[in-house]
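Visitor: So that we are looking at the same thing, I have put the structure below in C-alpha coordinates.
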Amino acid sequence: MILRPYGSYTLTRKYVTLEGASVFQRKIPSLLRYLSQTNIVVKESLATVPPENVQNEKDILAKRFKGLEKNIWYEFQVLHQLYLHPVTHNAVNLGQGFIDYLPPQYVIDFYRQCIDDSNILLYQYTRGFGHRRLVDAIAQVYSKYFFRELDPLNQILVTSGAYPSLFNAINGLVNPGDEVILIEPFFDCYEPMVKATGGIARCIALKPKSNSTNEKTSSSADWILDENELESMFNKKTKAIIVNSPNNPLGKACLITANFTIYFALFCQVFTQQELEKIAGLCQKHNVYCISDEVYEWIVYPGHKHIRIATLPNMWERTLTIGSAGKTFSSTGFKIGWTIGPEKLIRACQIVHQNCVYTNPTMSQEVVARCFEHELKRLNSPDCYFNSISNELLEKRDRIVQVLKECGMKPIVPDGGYFILADWTKFNNAQFHSDNEESKDFKFVKYLTKEKHLATIPASGFYTKDHIPMADKYIRFCFAKKDETIEKAIKILKNL
(Lines give C-alpha, C1' and ligand atoms only; values in the text may rest on other atoms or scores of the structure.)
Protein backbone atom coordinates (compact mmCIF):
# COMPACT_ATOMS: atom_id res chain seq x y z
CA MET A 1 0.00 0.00 0.00
CA ILE A 2 1.31 3.45 -0.86
CA LEU A 3 0.72 5.81 2.04
CA ARG A 4 -0.13 9.48 1.63
CA PRO A 5 3.08 11.59 1.57
CA TYR A 6 3.78 13.96 4.45
CA GLY A 7 6.76 16.27 4.59
CA SER A 8 9.50 14.96 2.30
CA TYR A 9 8.95 11.23 2.71
CA THR A 10 6.71 8.58 1.17
CA LEU A 11 6.25 5.32 3.08
CA THR A 12 5.50 2.02 1.44
CA ARG A 13 4.21 -0.96 3.41
CA LYS A 14 1.72 -3.63 2.46
CA TYR A 15 -0.37 -3.96 5.60
CA VAL A 16 0.00 -0.67 7.52
CA THR A 17 -1.99 2.55 7.30
CA LEU A 18 -0.78 5.61 9.17
CA GLU A 19 -3.14 8.53 9.86
CA GLY A 20 -2.77 11.98 11.38
CA ALA A 21 -0.35 14.32 9.61
CA SER A 22 0.55 16.43 12.65
CA VAL A 23 1.34 13.36 14.77
CA PHE A 24 3.35 11.78 11.98
CA GLN A 25 5.42 14.91 11.38
CA ARG A 26 6.31 15.19 15.08
CA LYS A 27 7.45 11.55 15.09
CA ILE A 28 9.51 11.64 11.85
CA PRO A 29 13.04 11.41 13.43
CA SER A 30 12.28 8.46 15.72
CA LEU A 31 10.19 6.77 13.04
CA LEU A 32 13.01 6.96 10.53
CA ARG A 33 15.41 5.37 13.01
CA TYR A 34 12.95 2.51 13.50
CA LEU A 35 12.33 2.08 9.79
CA SER A 36 16.06 1.84 9.07
CA GLN A 37 16.08 -1.38 11.10
CA THR A 38 13.20 -2.96 9.14
CA ASN A 39 12.46 -3.94 5.58
CA ILE A 40 10.04 -1.09 5.06
CA VAL A 41 11.09 1.05 2.13
CA VAL A 42 11.56 4.78 2.71
CA LYS A 43 11.60 6.91 -0.41
CA GLU A 44 12.45 10.59 -0.45
CA SER A 45 9.94 12.84 -2.15
CA LEU A 46 11.08 15.53 -4.54
CA ALA A 47 8.87 18.08 -2.84
CA THR A 48 6.64 18.49 0.18
CA VAL A 49 3.10 17.36 -0.66
CA PRO A 50 0.25 18.73 1.44
CA PRO A 51 -2.63 16.44 2.51
CA GLU A 52 -5.04 15.94 -0.37
CA ASN A 53 -8.59 17.22 -0.54
CA VAL A 54 -8.49 19.18 2.71
CA GLN A 55 -11.68 21.24 2.78
CA ASN A 56 -11.71 24.95 3.46
CA GLU A 57 -13.07 25.46 6.98
CA LYS A 58 -16.01 27.44 5.57
CA ASP A 59 -17.02 24.44 3.45
CA ILE A 60 -17.10 21.90 6.27
CA LEU A 61 -20.65 22.57 7.47
CA ALA A 62 -23.33 20.79 5.41
CA LYS A 63 -25.22 23.21 3.18
CA ARG A 64 -28.56 22.40 4.80
CA PHE A 65 -27.26 23.93 8.05
CA LYS A 66 -25.77 27.06 6.51
CA GLY A 67 -27.39 30.15 8.00
CA LEU A 68 -28.37 28.25 11.15
CA GLU A 69 -25.12 28.75 13.04
CA LYS A 70 -26.43 31.24 15.59
CA ASN A 71 -28.40 29.99 18.57
CA ILE A 72 -29.89 32.27 21.19
CA TRP A 73 -29.49 29.75 24.02
CA TYR A 74 -25.83 29.10 23.32
CA GLU A 75 -25.13 32.83 23.03
CA PHE A 76 -26.76 33.68 26.32
CA GLN A 77 -25.39 30.67 28.18
CA VAL A 78 -21.91 31.97 27.43
CA LEU A 79 -22.94 35.43 28.64
CA HIS A 80 -24.49 33.96 31.79
CA GLN A 81 -21.30 32.07 32.62
CA LEU A 82 -19.38 35.34 32.54
CA TYR A 83 -21.78 37.64 34.40
CA LEU A 84 -24.19 35.54 36.43
CA HIS A 85 -22.16 33.85 39.14
CA PRO A 86 -24.73 33.47 41.95
CA VAL A 87 -22.18 34.28 44.69
CA THR A 88 -19.71 36.81 43.30
CA HIS A 89 -22.36 38.71 41.33
CA ASN A 90 -25.41 37.95 43.49
CA ALA A 91 -26.96 37.25 40.10
CA VAL A 92 -30.49 36.17 39.15
CA ASN A 93 -31.45 34.07 36.15
CA LEU A 94 -35.01 34.69 34.93
CA GLY A 95 -33.92 33.89 31.38
CA GLN A 96 -33.81 30.13 31.02
CA GLY A 97 -37.03 28.18 31.33
CA PHE A 98 -36.30 25.80 34.15
CA ILE A 99 -37.58 25.59 37.72
CA ASP A 100 -34.81 26.26 40.26
CA TYR A 101 -36.36 24.35 43.17
CA LEU A 102 -36.98 20.67 43.85
CA PRO A 103 -39.65 18.77 41.91
CA PRO A 104 -42.44 16.95 43.76
CA GLN A 105 -41.06 14.68 46.48
CA TYR A 106 -42.39 11.54 44.80
CA VAL A 107 -40.18 12.24 41.76
CA ILE A 108 -37.10 12.17 43.99
CA ASP A 109 -38.36 9.08 45.84
CA PHE A 110 -38.97 7.16 42.60
CA TYR A 111 -35.50 8.05 41.35
CA ARG A 112 -33.98 6.62 44.50
CA GLN A 113 -36.15 3.52 44.27
CA CYS A 114 -35.08 2.92 40.68
CA ILE A 115 -31.41 3.23 41.55
CA ASP A 116 -31.85 0.70 44.37
CA ASP A 117 -34.01 -1.60 42.24
CA SER A 118 -32.56 -5.09 41.79
CA ASN A 119 -33.71 -5.20 38.16
CA ILE A 120 -30.39 -5.15 36.30
CA LEU A 121 -32.15 -4.39 33.00
CA LEU A 122 -32.71 -0.82 34.19
CA TYR A 123 -29.02 -0.31 33.43
CA GLN A 124 -29.29 -1.63 29.86
CA TYR A 125 -30.94 -0.65 26.58
CA THR A 126 -34.71 -0.70 26.55
CA ARG A 127 -37.29 -0.75 23.75
CA GLY A 128 -36.20 1.78 21.13
CA PHE A 129 -39.60 3.42 20.63
CA GLY A 130 -40.25 3.74 24.34
CA HIS A 131 -39.73 1.79 27.55
CA ARG A 132 -42.72 -0.56 27.77
CA ARG A 133 -43.74 0.52 31.26
CA LEU A 134 -43.64 4.18 30.19
CA VAL A 135 -45.67 3.88 26.98
CA ASP A 136 -48.27 1.88 28.89
CA ALA A 137 -48.48 4.61 31.55
CA ILE A 138 -48.70 7.40 28.95
CA ALA A 139 -51.48 5.50 27.16
CA GLN A 140 -53.45 5.07 30.38
CA VAL A 141 -53.18 8.76 31.31
CA TYR A 142 -53.70 10.37 27.90
CA SER A 143 -56.50 8.10 26.71
CA LYS A 144 -58.70 10.06 29.11
CA TYR A 145 -57.68 13.38 27.54
CA PHE A 146 -57.82 12.31 23.89
CA PHE A 147 -61.20 10.62 24.37
CA ARG A 148 -59.96 7.40 22.75
CA GLU A 149 -58.04 4.29 23.77
CA LEU A 150 -54.43 4.88 22.78
CA ASP A 151 -52.31 2.01 21.46
CA PRO A 152 -49.08 2.24 23.51
CA LEU A 153 -46.96 0.47 20.90
CA ASN A 154 -48.16 2.15 17.72
CA GLN A 155 -49.59 5.54 18.70
CA ILE A 156 -46.92 6.71 21.17
CA LEU A 157 -43.22 7.36 20.56
CA VAL A 158 -40.93 8.22 23.47
CA THR A 159 -38.01 10.51 22.68
CA SER A 160 -35.11 12.21 24.45
CA GLY A 161 -37.19 15.33 25.11
CA ALA A 162 -39.63 17.46 23.14
CA TYR A 163 -36.78 18.74 20.93
CA PRO A 164 -36.23 15.29 19.33
CA SER A 165 -40.00 14.85 19.11
CA LEU A 166 -40.18 18.00 16.99
CA PHE A 167 -37.14 16.85 15.00
CA ASN A 168 -38.74 13.46 14.29
CA ALA A 169 -42.06 15.00 13.28
CA ILE A 170 -40.58 17.62 10.97
CA ASN A 171 -38.03 15.30 9.38
CA GLY A 172 -40.55 12.50 9.10
CA LEU A 173 -43.13 14.59 7.23
CA VAL A 174 -41.39 17.43 5.38
CA ASN A 175 -39.71 17.10 1.98
CA PRO A 176 -37.49 19.69 0.25
CA GLY A 177 -39.72 22.43 -1.11
CA ASP A 178 -42.61 21.68 1.25
CA GLU A 179 -43.98 24.65 3.17
CA VAL A 180 -44.57 24.66 6.92
CA ILE A 181 -46.63 27.40 8.57
CA LEU A 182 -45.22 28.77 11.83
CA ILE A 183 -47.17 31.08 14.13
CA GLU A 184 -44.97 33.72 15.74
CA PRO A 185 -43.78 34.02 18.40
CA PHE A 186 -42.54 30.41 18.33
CA PHE A 187 -39.83 28.42 20.04
CA ASP A 188 -36.64 29.14 18.16
CA CYS A 189 -35.91 25.58 16.97
CA TYR A 190 -38.97 25.37 14.71
CA GLU A 191 -37.57 27.38 11.82
CA PRO A 192 -34.07 25.81 11.75
CA MET A 193 -35.54 22.31 11.82
CA VAL A 194 -37.81 23.11 8.89
CA LYS A 195 -34.98 24.69 6.90
CA ALA A 196 -32.63 21.77 7.59
CA THR A 197 -35.07 19.42 5.86
CA GLY A 198 -35.12 21.66 2.79
CA GLY A 199 -38.57 22.87 3.75
CA ILE A 200 -39.75 26.46 3.56
CA ALA A 201 -40.98 28.23 6.70
CA ARG A 202 -44.01 30.46 6.10
CA CYS A 203 -44.51 32.68 9.11
CA ILE A 204 -47.55 34.53 10.39
CA ALA A 205 -47.41 36.59 13.57
CA LEU A 206 -49.96 36.97 16.31
CA LYS A 207 -50.60 40.69 16.64
CA PRO A 208 -51.77 42.64 19.69
CA LYS A 209 -55.08 44.44 19.57
CA SER A 210 -54.35 48.12 18.95
CA ASN A 211 -55.77 49.35 22.24
CA SER A 212 -53.91 46.76 24.37
CA THR A 213 -50.43 48.15 23.66
CA ASN A 214 -51.30 51.41 25.41
CA GLU A 215 -52.40 49.74 28.63
CA LYS A 216 -50.08 49.37 31.62
CA THR A 217 -51.04 45.70 31.71
CA SER A 218 -52.44 43.54 28.92
CA SER A 219 -53.24 39.86 28.42
CA SER A 220 -51.85 37.19 26.13
CA ALA A 221 -55.46 36.83 24.94
CA ASP A 222 -55.09 40.27 23.31
CA TRP A 223 -52.76 38.74 20.71
CA ILE A 224 -54.76 37.42 17.76
CA LEU A 225 -54.45 35.96 14.27
CA ASP A 226 -55.52 37.77 11.12
CA GLU A 227 -57.80 35.19 9.49
CA ASN A 228 -57.34 36.49 5.95
CA GLU A 229 -53.57 36.44 6.33
CA LEU A 230 -53.70 32.92 7.74
CA GLU A 231 -55.80 31.67 4.85
CA SER A 232 -53.35 33.18 2.37
CA MET A 233 -50.53 31.06 3.84
CA PHE A 234 -52.14 27.76 2.80
CA ASN A 235 -51.58 26.42 -0.71
CA LYS A 236 -50.83 23.19 -2.55
CA LYS A 237 -47.24 23.21 -1.21
CA THR A 238 -48.26 23.45 2.45
CA LYS A 239 -47.32 20.25 4.31
CA ALA A 240 -47.82 21.17 7.96
CA ILE A 241 -48.60 23.84 10.51
CA ILE A 242 -46.93 23.95 13.93
CA VAL A 243 -49.13 25.09 16.81
CA ASN A 244 -47.76 25.79 20.31
CA SER A 245 -50.25 25.83 23.18
CA PRO A 246 -49.87 27.25 25.73
CA ASN A 247 -47.54 29.44 23.77
CA ASN A 248 -43.90 30.07 24.65
CA PRO A 249 -43.12 32.93 25.18
CA LEU A 250 -46.55 34.57 25.05
CA GLY A 251 -48.61 32.21 27.23
CA LYS A 252 -51.72 32.40 25.03
CA ALA A 253 -54.31 29.80 26.10
CA CYS A 254 -58.02 29.07 25.93
CA LEU A 255 -60.58 31.19 27.81
CA ILE A 256 -63.45 29.24 29.36
CA THR A 257 -66.60 31.12 30.30
CA ALA A 258 -69.68 29.94 32.17
CA ASN A 259 -71.89 29.61 29.09
CA PHE A 260 -69.47 27.55 27.00
CA THR A 261 -70.89 24.45 25.43
CA ILE A 262 -68.76 21.35 25.04
CA TYR A 263 -68.64 22.02 21.31
CA PHE A 264 -67.39 25.54 21.89
CA ALA A 265 -64.69 24.33 24.26
CA LEU A 266 -63.43 21.84 21.71
CA PHE A 267 -62.79 24.68 19.30
CA CYS A 268 -60.96 26.92 21.76
CA GLN A 269 -57.60 25.42 22.50
CA VAL A 270 -54.88 27.89 21.64
CA PHE A 271 -56.70 30.84 20.17
CA THR A 272 -60.30 32.00 20.03
CA GLN A 273 -63.03 29.72 18.76
CA GLN A 274 -62.99 31.50 15.42
CA GLU A 275 -59.21 31.28 15.06
CA LEU A 276 -59.02 27.59 15.86
CA GLU A 277 -61.97 26.75 13.63
CA LYS A 278 -60.10 28.49 10.85
CA ILE A 279 -56.90 26.50 11.47
CA ALA A 280 -58.76 23.18 11.62
CA GLY A 281 -60.82 23.95 8.52
CA LEU A 282 -57.78 24.99 6.50
CA CYS A 283 -55.83 21.89 7.55
CA GLN A 284 -58.65 19.69 6.31
CA LYS A 285 -59.28 21.70 3.14
CA HIS A 286 -55.62 21.57 2.07
CA ASN A 287 -54.77 18.15 3.54
CA VAL A 288 -52.21 19.66 5.93
CA TYR A 289 -50.71 17.99 9.01
CA CYS A 290 -50.67 19.67 12.41
CA ILE A 291 -47.69 19.36 14.76
CA SER A 292 -49.00 20.45 18.15
CA ASP A 293 -46.35 21.40 20.72
CA GLU A 294 -48.17 21.08 24.05
CA VAL A 295 -45.32 20.82 26.55
CA TYR A 296 -46.95 23.40 28.87
CA GLU A 297 -50.30 21.59 28.74
CA TRP A 298 -50.73 21.40 32.54
CA ILE A 299 -49.84 25.02 33.25
CA VAL A 300 -53.00 27.03 32.61
CA TYR A 301 -54.44 29.61 34.98
CA PRO A 302 -57.94 30.11 36.43
CA GLY A 303 -60.57 30.84 33.80
CA HIS A 304 -58.66 28.89 31.16
CA LYS A 305 -58.53 25.30 30.02
CA HIS A 306 -56.13 23.40 27.80
CA ILE A 307 -57.92 21.56 25.00
CA ARG A 308 -55.87 19.38 22.67
CA ILE A 309 -56.22 20.22 19.00
CA ALA A 310 -56.18 16.51 18.12
CA THR A 311 -59.59 16.22 19.82
CA LEU A 312 -61.25 18.55 17.32
CA PRO A 313 -63.50 16.82 14.77
CA ASN A 314 -61.47 15.17 11.99
CA MET A 315 -58.13 16.36 13.44
CA TRP A 316 -56.84 13.18 15.13
CA GLU A 317 -55.76 11.58 11.86
CA ARG A 318 -53.64 14.57 10.86
CA THR A 319 -52.17 15.67 14.23
CA LEU A 320 -48.99 14.81 16.12
CA THR A 321 -49.10 15.97 19.75
CA ILE A 322 -45.84 16.52 21.62
CA GLY A 323 -45.37 16.39 25.40
CA SER A 324 -42.51 16.68 27.88
CA ALA A 325 -41.65 14.99 31.18
CA GLY A 326 -39.42 17.95 32.01
CA LYS A 327 -42.39 20.33 31.99
CA THR A 328 -44.94 17.80 33.31
CA PHE A 329 -42.90 16.91 36.41
CA SER A 330 -40.77 20.09 36.72
CA SER A 331 -37.62 18.08 36.00
CA THR A 332 -36.07 19.26 32.75
CA GLY A 333 -33.02 17.08 33.40
CA PHE A 334 -35.09 13.99 32.60
CA LYS A 335 -34.81 14.83 28.88
CA ILE A 336 -37.76 12.59 28.12
CA GLY A 337 -40.55 13.57 25.75
CA TRP A 338 -43.21 11.83 23.69
CA THR A 339 -45.26 12.08 20.54
CA ILE A 340 -48.88 10.92 20.37
CA GLY A 341 -50.76 10.44 17.13
CA PRO A 342 -52.26 8.04 14.58
CA GLU A 343 -50.18 5.00 13.67
CA LYS A 344 -49.31 6.18 10.14
CA LEU A 345 -47.83 9.48 11.42
CA ILE A 346 -46.11 7.87 14.40
CA ARG A 347 -44.49 5.37 12.04
CA ALA A 348 -42.91 8.23 10.08
CA CYS A 349 -41.51 9.60 13.34
CA GLN A 350 -40.27 6.15 14.39
CA ILE A 351 -38.24 5.80 11.21
CA VAL A 352 -36.44 9.08 11.88
CA HIS A 353 -35.98 8.14 15.54
CA GLN A 354 -34.53 4.68 14.84
CA ASN A 355 -31.93 6.21 12.53
CA CYS A 356 -31.01 9.00 14.94
CA VAL A 357 -30.93 8.40 18.70
CA TYR A 358 -32.53 4.92 18.40
CA THR A 359 -33.28 4.53 22.12
CA ASN A 360 -33.54 6.69 25.25
CA PRO A 361 -32.12 6.35 28.78
CA THR A 362 -33.84 3.43 30.48
CA MET A 363 -33.58 4.72 34.05
CA SER A 364 -35.18 8.09 33.27
CA GLN A 365 -38.03 6.37 31.44
CA GLU A 366 -38.64 4.04 34.37
CA VAL A 367 -38.81 6.99 36.76
CA VAL A 368 -41.22 8.91 34.52
CA ALA A 369 -43.39 5.80 34.16
CA ARG A 370 -43.70 5.50 37.94
CA CYS A 371 -44.52 9.21 38.19
CA PHE A 372 -47.37 8.83 35.68
CA GLU A 373 -48.66 5.75 37.52
CA HIS A 374 -48.66 7.77 40.74
CA GLU A 375 -50.68 10.61 39.21
CA LEU A 376 -53.04 8.26 37.38
CA LYS A 377 -54.56 7.29 40.72
CA ARG A 378 -55.57 10.89 41.48
CA LEU A 379 -56.17 12.63 38.15
CA ASN A 380 -59.40 14.21 39.35
CA SER A 381 -58.01 15.29 42.70
CA PRO A 382 -56.73 18.83 43.43
CA ASP A 383 -53.66 17.10 44.87
CA CYS A 384 -52.72 15.77 41.43
CA TYR A 385 -49.61 17.67 40.32
CA PHE A 386 -51.17 18.21 36.90
CA ASN A 387 -53.89 20.20 38.69
CA SER A 388 -51.82 21.87 41.41
CA ILE A 389 -48.81 23.17 39.47
CA SER A 390 -50.77 26.13 38.08
CA ASN A 391 -51.75 27.25 41.58
CA GLU A 392 -48.12 26.88 42.63
CA LEU A 393 -47.02 29.23 39.85
CA LEU A 394 -49.92 31.69 39.93
CA GLU A 395 -48.65 33.68 42.92
CA LYS A 396 -45.17 33.84 41.40
CA ARG A 397 -46.63 35.14 38.14
CA ASP A 398 -48.61 37.86 39.90
CA ARG A 399 -45.62 39.02 41.95
CA ILE A 400 -43.50 39.47 38.85
CA VAL A 401 -46.35 41.23 37.03
CA GLN A 402 -46.72 43.69 39.89
CA VAL A 403 -43.04 44.61 40.12
CA LEU A 404 -42.80 44.99 36.33
CA LYS A 405 -45.62 47.53 36.47
CA GLU A 406 -43.98 49.32 39.39
CA CYS A 407 -40.65 49.68 37.58
CA GLY A 408 -42.32 51.08 34.45
CA MET A 409 -42.54 48.08 32.17
CA LYS A 410 -45.81 46.89 30.62
CA PRO A 411 -46.29 43.16 31.26
CA ILE A 412 -48.41 40.87 29.11
CA VAL A 413 -50.06 38.60 31.67
CA PRO A 414 -49.92 34.99 30.41
CA ASP A 415 -52.93 32.68 30.50
CA GLY A 416 -50.64 29.63 30.51
CA GLY A 417 -47.00 28.58 30.75
CA TYR A 418 -44.45 30.22 33.02
CA PHE A 419 -43.14 33.14 30.98
CA ILE A 420 -44.06 36.82 30.86
CA LEU A 421 -43.33 39.20 27.99
CA ALA A 422 -42.93 42.82 29.04
CA ASP A 423 -42.58 46.06 27.11
CA TRP A 424 -39.28 47.52 28.36
CA THR A 425 -39.12 50.63 26.15
CA LYS A 426 -39.47 53.07 29.06
CA PHE A 427 -35.74 52.43 29.52
CA ASN A 428 -34.89 52.84 25.84
CA ASN A 429 -32.12 55.26 24.91
CA ALA A 430 -29.43 55.67 22.27
CA GLN A 431 -27.34 52.73 23.44
CA PHE A 432 -30.24 50.34 22.84
CA HIS A 433 -31.21 51.31 19.29
CA SER A 434 -31.37 48.50 16.74
CA ASP A 435 -28.72 48.32 14.03
CA ASN A 436 -27.55 45.88 11.36
CA GLU A 437 -25.71 43.81 13.93
CA GLU A 438 -28.22 43.52 16.75
CA SER A 439 -31.80 44.41 17.67
CA LYS A 440 -32.46 46.74 20.58
CA ASP A 441 -33.99 44.07 22.83
CA PHE A 442 -30.79 42.02 22.54
CA LYS A 443 -28.80 45.08 23.58
CA PHE A 444 -31.05 45.79 26.55
CA VAL A 445 -30.96 42.18 27.72
CA LYS A 446 -27.17 42.16 27.54
CA TYR A 447 -27.10 45.39 29.52
CA LEU A 448 -29.31 43.82 32.23
CA THR A 449 -27.09 40.76 32.30
CA LYS A 450 -23.73 42.55 32.41
CA GLU A 451 -24.58 45.61 34.49
CA LYS A 452 -27.49 44.48 36.67
CA HIS A 453 -26.74 40.75 36.80
CA LEU A 454 -30.30 39.92 35.86
CA ALA A 455 -30.81 37.45 33.02
CA THR A 456 -33.81 37.68 30.69
CA ILE A 457 -34.34 36.70 27.05
CA PRO A 458 -35.01 39.07 24.10
CA ALA A 459 -38.40 38.45 22.50
CA SER A 460 -37.05 38.90 18.98
CA GLY A 461 -35.30 35.55 19.42
CA PHE A 462 -38.75 34.00 18.93
CA TYR A 463 -39.40 35.79 15.63
CA THR A 464 -38.07 35.62 12.10
CA LYS A 465 -36.01 38.48 10.75
CA ASP A 466 -38.89 40.14 8.93
CA HIS A 467 -40.98 40.38 12.09
CA ILE A 468 -38.33 41.57 14.55
CA PRO A 469 -39.67 45.18 14.54
CA MET A 470 -42.91 43.97 16.15
CA ALA A 471 -40.97 42.04 18.83
CA ASP A 472 -37.97 44.09 19.89
CA LYS A 473 -39.90 46.18 22.43
CA TYR A 474 -40.41 43.08 24.58
CA ILE A 475 -38.23 40.86 26.75
CA ARG A 476 -39.10 37.51 28.36
CA PHE A 477 -39.04 36.68 32.07
CA CYS A 478 -39.34 33.16 33.51
CA PHE A 479 -41.16 33.19 36.86
CA ALA A 480 -40.90 29.46 37.66
CA LYS A 481 -38.35 30.21 40.35
CA LYS A 482 -38.07 29.80 44.10
CA ASP A 483 -39.16 32.70 46.32
CA GLU A 484 -35.56 33.66 47.09
CA THR A 485 -34.77 34.04 43.38
CA ILE A 486 -37.91 36.11 42.79
CA GLU A 487 -37.10 38.39 45.73
CA LYS A 488 -33.62 39.05 44.34
CA ALA A 489 -35.13 39.82 40.94
CA ILE A 490 -37.65 42.21 42.49
CA LYS A 491 -34.86 44.16 44.19
CA ILE A 492 -32.99 44.51 40.92
CA LEU A 493 -36.07 45.55 38.97
CA LYS A 494 -37.05 48.17 41.55
CA ASN A 495 -33.65 49.79 41.17
CA LEU A 496 -33.44 49.97 37.39
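Visitor: Using modelled amide H (1.01 Å from N, peptide plane; none on Pro or chain starts), what sits under 5 Å from the amide H of ARG476, excluding residues fewer than 5 places away?
Guide: ILE457, ALA459
Visitor: Say each of GLN77 and ASN391 gets a label point 7 Å from the Cα, pointing the same way as Cα to Cβ; how far apart are those two points in nm?
Guide: 3.6 nm
Visitor: Also, quick follow-up: Solvent-accessible area per residue for region 321-454 at a 1.4 Å probe radius, Å²? Walk me through the numbers on the way to the answer.
Guide: Values: 5110 Å² over 134 residues.
Using a 1.4 Å probe on heavy atoms only, each residue of region 321-454 averages 38 Å².
Visitor: For ILE204, what charge total do you get from the other residues with a beta carbon under 15 Å from its beta carbon, if Lys and Arg give +1 and Asp and Glu give -1? Working shown, then result.
Guide: Numbers: positive: ARG202, LYS207, LYS252, LYS278, LYS465; negative: GLU179, GLU184, GLU191, ASP226, GLU227, GLU229, GLU231, GLU275, ASP466.
So the environment of ILE204 carries a net charge of -4.
Visitor: Let me ask you something else. Would you list which aspartates and glutamates come within 14 Å of LYS410, measuring only between C-alpha atoms, while excluding same-chain residues fewer than 8 positions from it?
Guide: List returned: GLU215, ASP222, ASP398, ASP423, ASP472.
Visitor: On a straight-distance basis, which lysines could pair with LYS58 in a cross-link, Cα separation under 16 angstrom, same-chain partners fewer than 8 positions away excluded?
Guide: Cross-link targets: LYS66, LYS70.
Visitor: Considering amide H positions built from the backbone, and no H for Pro or chain starts, which residues 5 or more places from CYS290, or on another chain, come under 5 Å of its amide H?
Guide: For CYS290, whose amide H was placed from the backbone, the distant partners under 5 Å are ILE241, THR319, LEU320.
Visitor: When DSSP beta bridges are limited to those with both residues in region 105-377, what percentage is antiparallel, rounded to the nearest 5?
Guide: Details: 11 of 30 bridges.
The answer is about 35 percent antiparallel.
Visitor: When the Cα centres of region 106-181 and region 359-393 are compared, how far apart do they sit, in Å?
Guide: 14 Å
Visitor: What does the charge add up to near ALA221, with Lys and Arg as +1, Asp and Glu as -1, over the other residues with Cβ less than 12 Å from its Cβ? Don't skip to the end; give the middle numbers.
Guide: Working: positive: LYS209, LYS252; negative: ASP222, GLU275, ASP415.
Net charge around ALA221: -1.
Visitor: While we're here: Write out the chymotrypsin sites (Phe, Trp or Tyr not before Pro) in region 97-175 meeting two conditions: DSSP loop, and at most 13 other Cβ atoms within 10 Å of their Cβ. Kindly include the intermediate steps, with their values, before the conclusion.
Guide: Working: sites: PHE98, TYR101, TYR106, PHE110, TYR111, TYR123, TYR125, PHE129, TYR142, TYR145, PHE146, PHE147, PHE167; in loops: PHE98, TYR101, TYR125, PHE129, PHE147.
Those satisfying the criteria are TYR101, TYR125, PHE147.
Visitor: Moving to a separate point now. In whole percent, how big is the carbon plus sulfur part of the accessible area of region 105-377, probe 1.4 Å, protein atoms only? Present the calculation step by step, with values, prior to reporting the outcome.
Guide: Numbers: 5620 of 10720 Å².
Within region 105-377, the accessible surface is 52 percent carbon and sulfur.
Visitor: Multiply the residue gap between ARG378 and HIS433 by 0.36 nm, knock off their C-alpha separation, and tell me the result in nm, one decimal place. Before the final figure, lay out the partial values.
Guide: Working: separation 55, 0.36 × 55 = 19.80 nm, distance 5.22 nm.
Answer, rounded to one decimal: 14.6 nm.
Visitor: May I ask you to order 402-408, 197-203 by the average number of other C-beta atoms within 10 Å around their residues, highest value first?
Guide: Working: 402-408: 16.0, 197-203: 18.0.
In decreasing order of mean packing, 402-408, 197-203 become 197-203, 402-408.
Visitor: Take the Cα pairs of region 273-318, get the Kirkwood Rh, then feed it into Stokes-Einstein at 37 °C and 0.692 mPa s and tell me D in µm²/s. Can you show the working numbers first?
Guide: Values: Rh = 11.7 Å.
Answer from the Stokes-Einstein relation: 280 µm²/s.
The values are calculated or read from the model by the stated rules, or taken from the named source; none is laboratory data. Predicted model only: the values in this text are computed from it and were never measured. All Cβ positions, glycine included, derive from the backbone under ideal geometry; neighbour counts span all protein chains shown. Just the protein is used for accessible areas: all its heavy atoms, side chains included, with ligands, DNA and RNA removed. Shrake-Rupley method; radii C 1.70, N 1.55, O 1.52, S 1.80 Å.
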